[in-house]
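The next block holds one structure in the form of structure tokens; read it before the comments.
Here, each number is a calculation from the coordinates, and none is a lab measurement. Since the structure is predicted, the reported quantities are computational estimates derived from the model, not experimental observations. Cβ placement follows ideal geometry from the backbone for every residue including glycine, while neighbour counts extend to all protein chains displayed.
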Amino acid sequence: MDDNDRALLELSHVDTFYGPIHALRDVSLRIEDGHITCLLGGNASGKSTTLKTILGMADAVNGTIEYLGERIGGMTTAELVQRGISMVPENRRIFTRMTVMENLEMGSYLRTDKDGIKEDLERVLSLFPRLEERHKQVGGTLSGGEQQMLAMARALMSRPRLLLMDEPSMGLAPILVQQIFDIIVEINQQGTSVFVVEQNANMALSIADYGYVLQTGKIVLADTAANLQVNKMMREAYLGEM
Amino acid sequence: MIHVRDLSQASKLRLALKIGLFVGIAMQYLIFVGIIETFHDRFLIKDVISIGEIIMLLVFAGSGYLSVWALKKALNPVHEEVEVPVRRPWAVGSGALSGLVVGAFIALLVIVNSVIEVRDVFVSISPDLIQIVTFGRGETLAGLVIPMALSTILAAIAGTLYIVRADVRRTVVLSVVWVTFAALISDLIRVSLSRPGFPVFLSRIFTSSNGLTVVGTVTVVAVVVAWIVFGPAVQEKWKARKSTMSPARQRNLRYGQWSLLLLLLLLLPLIVGVFPSEVLNNIGIFIIMGFGLNIVVGMAGLLDLGYVAFFAVGAYSMAVLTTLQPDIGGFELTFWAALPIVIIITGIAGLLVGAPVLRMRGDYLAIVTLGFGEIARFLALSDWLSPFIGGAQGIIKIPKIAIGATVLRGPQVLYFLFLAAGAVAYFISWRLKDSRTGRAWMAMREDEKVAEAMGVNTVYYKLLAFGIGAMIASLSGALFAAKLGTIYPHSFSVLVSITVLSLLIVGGIGSLPGVIVGAFVLVGLPELLREFGEFRLLMYGALLITMMILRPEGILPSVERARELRKEDRAQDEVYSLDEPTAAPATPSGD
Ligand SMILES: Nc1ncnc2c1ncn2[C@@H]1O[C@H](COP(=O)(O)OP(=O)(O)OP(=O)(O)O)[C@@H](O)[C@H]1O
Ligand SMILES: [Mg+2]
């Protein structure tokens, strides 16, 4: 294997359990550096579990996880955040009692480079101007769309190399979903690799380069986004073909 | 859009009746448990009105106030832009009606009592009591009419009061509250005023051996009125003057204020005298623990109901290390030599309790820590450990604290140790609050999983919170042991944990000044109410309930907590909006 072929992050034959529940079965997938990769699947298919497994919040029992060629299975979340992986959790889960600014500060919790943090703060606020207007507002009083933006901004504050996103479209109006996905593209263009988990397959495939489909913990399809968009099984099962 | 809601007359009347019944039953309760009669011996204003009587009058007035309050609530069920006012005839009417019902309850009691011997069942219903509730008229027609009339009139006045100008209402309510408070602590006032150097007439003029004097009452009311009339203007002026000062002078002013406060704190035991200093020290024990538990519960969000365990470990380790009791310990260290060891031991105890509960949250954590608290007490009581820590006999002969060759004696001197320990605990809390650690705790309290995803090492921070919390409690425990000279297992009951937690809640959880205020209210007030014997706890409970209804966020809430409440306000009328009018201009989208 030569160096060019190495993925930013690679899961090989990973199994994850919650007690007796076998949530991920022999999952292998690659996230290429500089690209947007998406993971599609219905409810309870194990999408969130995949992200938790990557970020060390659920333990992989078999297989390996490699990030930049390094085995990261067994590392703590803090170590992984420090290495440049960061997550926008499902349902946004911003800190509702903290102000917008304090939420962003939590995003850069592990960093000590004051200048860098300031720089990133400006970058993030220019990406989400609405947050700048509301920087003193308490998180819980933001609208759903604003909360999603805050969750993304917070994740970006750690200056990630890889951004994991768990269903960013959940519960948002179509126009807002469009905006959020446009911003994801922009984030990617600024140099962050993105791994986005979605049920909204149309939307995700429209911005992704590569996609995987998960069904009850197993990867059942893996292809370029363009191919997936025309895949027959995909169209029937996930793209709401009528 | 305005739509005025209105209730039918019948339902308005029913509401007033309902409140009257409710308050009337409460009144009966107070009469039957004997509060009214007991407190009749104690004057609010000497020879004018007793506390028993004022309680009755306040209940009368309260029914009117409550009924108008309820009416207003009923008229404004949800927050609308325009408030529907309660019109004057209805305020007077509802008040009077509910008052009449309350008065009728008393009349009924008098009638029933004249027919059958209620006293056979309820010992409190004595002839004396009947005299009190009929305002001296006994079982006569006047005795029936007077309570009803008084109640009706007072309730009508109170009802009207609810709808008049806010400052008038505030004046009346605050006057009543402060006069009552001053009367309850009139003994303390008397003692504080009668000391060498003060002219004798000072204490006589304001207070008597039994309640306030008329002059004292008028003075309190005058101060309240002056505060309400001139207070805002004075504050305004002071603020304006301050804002025109140069930064240097403002800083000096701040220093001046701090030094004044410090001076006051240093002189406090001299100002208040011996007994109140003892009370201050007891409050100090709880203030210190309050700061410690505030770190665990207020900052880190770990609901610990077994906090007394650390207080106990601190007290017991100090006792064992310093006691001169021949069969225990044998270390006989001085307080100061033992203190660092005590702190370390208790800190380790904190980690030991913290470790097994790392994965628990909320109610589970509360129950398990509650168990730990009880285990600590049982261990202290156990025969098994009694060779080491004295079992049920406790540990005696704990020497007094000495500095050099000077032994610190008496509450007025010990006070300074409590002050110092309190200051240390305050300082630690204050520094932690705005630190990285404080942020991590705050994030953890809100959403542990997400905090973890941000890179917060939650295991470390939980243990840190337990450890620091325990160490602060050990300061309190160590001082407690040295202050008393003897400790027994039953001093470390679950009630201590509950009191500390309650004082946090009463003061406003997460707020440092709130800890101090909460401790004064929860620990100081019962001490001052000691003369009321068995009713002390009842009054105290009633006070707590009232306070939590009036100020659910605590007396001095922290900024974050106040924010939260505001948030909940907003959340009510927030609709998850689909339209985002001025959406991010960065992303114009064609759709
Ligand atoms: N903490 C947990 N303990 C036990 N089982 C869990 C836990 N978290 C997830 N599971 C189970 O693992 C399976 C996969 O869950 P996961 O949250 O990964 O699904 P998902 O694809 O993200 O679904 P959704 O689209 O609804 O978010 C489900 O059957 C779920 O019940
Ligand atoms: Mg999920």
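What is the local net charge at B:Ser493, summed over the other residues whose Cβ is closer than 14 Å to its Cβ (Lys, Arg +1; Asp, Glu -1)? Residues close to B:Ser493 contribute a combined charge of 0.
From least to most packed, judged by other beta carbons within 10 angstrom and beginning with the fewest, B:His40, B:His490 follow the order B:His490, B:His40. In the frame of its principal axes, the range A:24-99 has Cα extents of 39, 31, 27 Å, reported largest first. Kirkwood-type hydrodynamic radius, the protein assembly as shown: 32.0 Å, calculated from all non-identical alpha-carbon pairs. Model label sites at B:Glu448 and A:Arg83, defined 7 Å from Cα along the beta-carbon direction, differ in position by 2.5 nm.
Once you list every other residue whose beta carbon is under 15 Å from the beta carbon of A:Tyr18, what net charge do they have if Lys and Arg are +1 and Asp and Glu are -1? Kindly include the intermediate steps, with their values, before the conclusion.
Details: positive: A:Arg25, A:Lys47, A:Lys52, B:Arg359, B:Lys449; negative: A:Asp15, A:Asp59.
Neighbourhood net charge equals +3.
According to the Cα-based calculation, Rg over Rh for the range A:85-159 is 0.93, with Rh computed by the Kirkwood formula. Please give the Cα centre distance for the range A:1-76 versus the range A:169-207, rounded to the nearest Å. The range A:1-76 and the range A:169-207 have Cα centres spaced 20 Å from each other. Taken about its Cα centre, chain B carries a charge dipole of about 1680 debye when Lys and Arg each add +1 at the Cβ and Asp and Glu each add -1 at the Cβ. The modelled label-to-label distance between B:Leu267 and B:Val48, using points 7 Å beyond Cα along the C-beta direction, is 3.1 nm.
By counting other Cβ atoms within 10 Å of each Cβ, how are B:Trp90, B:Trp178, B:Trp336 ranked from fewest to most? Intermediate values should be presented prior to the final figure.
Details: B:Trp90 22, B:Trp178 16, B:Trp336 11.
Fewest-to-most ranking of B:Trp90, B:Trp178, B:Trp336: B:Trp336, B:Trp178, B:Trp90.
Based on DSSP H segments of at least four residues, each scored -39500 (n - 2.57), chain A has a per-residue ellipticity at 222 nm of -10500 deg cm²/dmol. With only Cα atoms counted, the range B:1-164 has Rg and Dmax values of 17.6, 62 Å. Enter the Cα centre distance for the pair the range B:190-216 and the range B:35-67, rounded to the nearest angstrom. Taking the Cα centre of the range B:35-67 as reference, the centre of the range B:190-216 is 23 Å away.
Expressed to the nearest 5 percent, the antiparallel share of DSSP beta bridges inside the protein assembly as shown is 60 percent. Quick one: grab the alpha carbon gyration tensor of the range B:463-504, order the square roots of its eigenvalues as a ≥ b ≥ c, and give me rounded if a/c is under 1.5, else prolate or oblate depending on whether a/b is larger than b/c. Taking the square roots of the gyration eigenvalues as a ≥ b ≥ c, the range B:463-504 is oblate.
Classification of the range B:28-67 by its C-alpha gyration tensor yields an oblate form. The axis ratio a/c (a ≥ b ≥ c) is 1.5 or more, and b/c is at least a/b. Peptide A:120-129 is shielded by partner chain Cβ atoms: per residue, an average of 1 of them sit within 10 Å of its Cβ.
Tally Lys/Arg at +1 and Asp/Glu at -1 over every other residue whose Cβ is under 11 Å from the Cβ of B:Ile130; what's the total?
Net charge around B:Ile130: -1.
Give the lysines reachable from B:Lys72 as a straight Cα distance under 23 Å; neighbours fewer than 8 places away on the same chain don't count. List returned: B:Lys12, B:Lys18. Take each residue in A:52-59, count the other chain C-beta atoms within 10 Å of its C-beta, and the mean is 1. Distance between the 7 Å Cα→Cβ label points at B:Tyr364 and B:Arg119: 6.0 nm. Relative intensity of chain B on a log10 scale, I(q)/I(0) at q = 0.05, 0.07, 0.08 Å⁻¹, equals -0.29, -0.58, -0.75, per a Debye sum over C-alpha point scatterers of equal strength in the absence of solvent. Dipole magnitude for the range B:282-385: computed about the Cα centre from +1 point charges on Lys and Arg Cβ and -1 point charges on Asp and Glu Cβ, it is near 320 debye.
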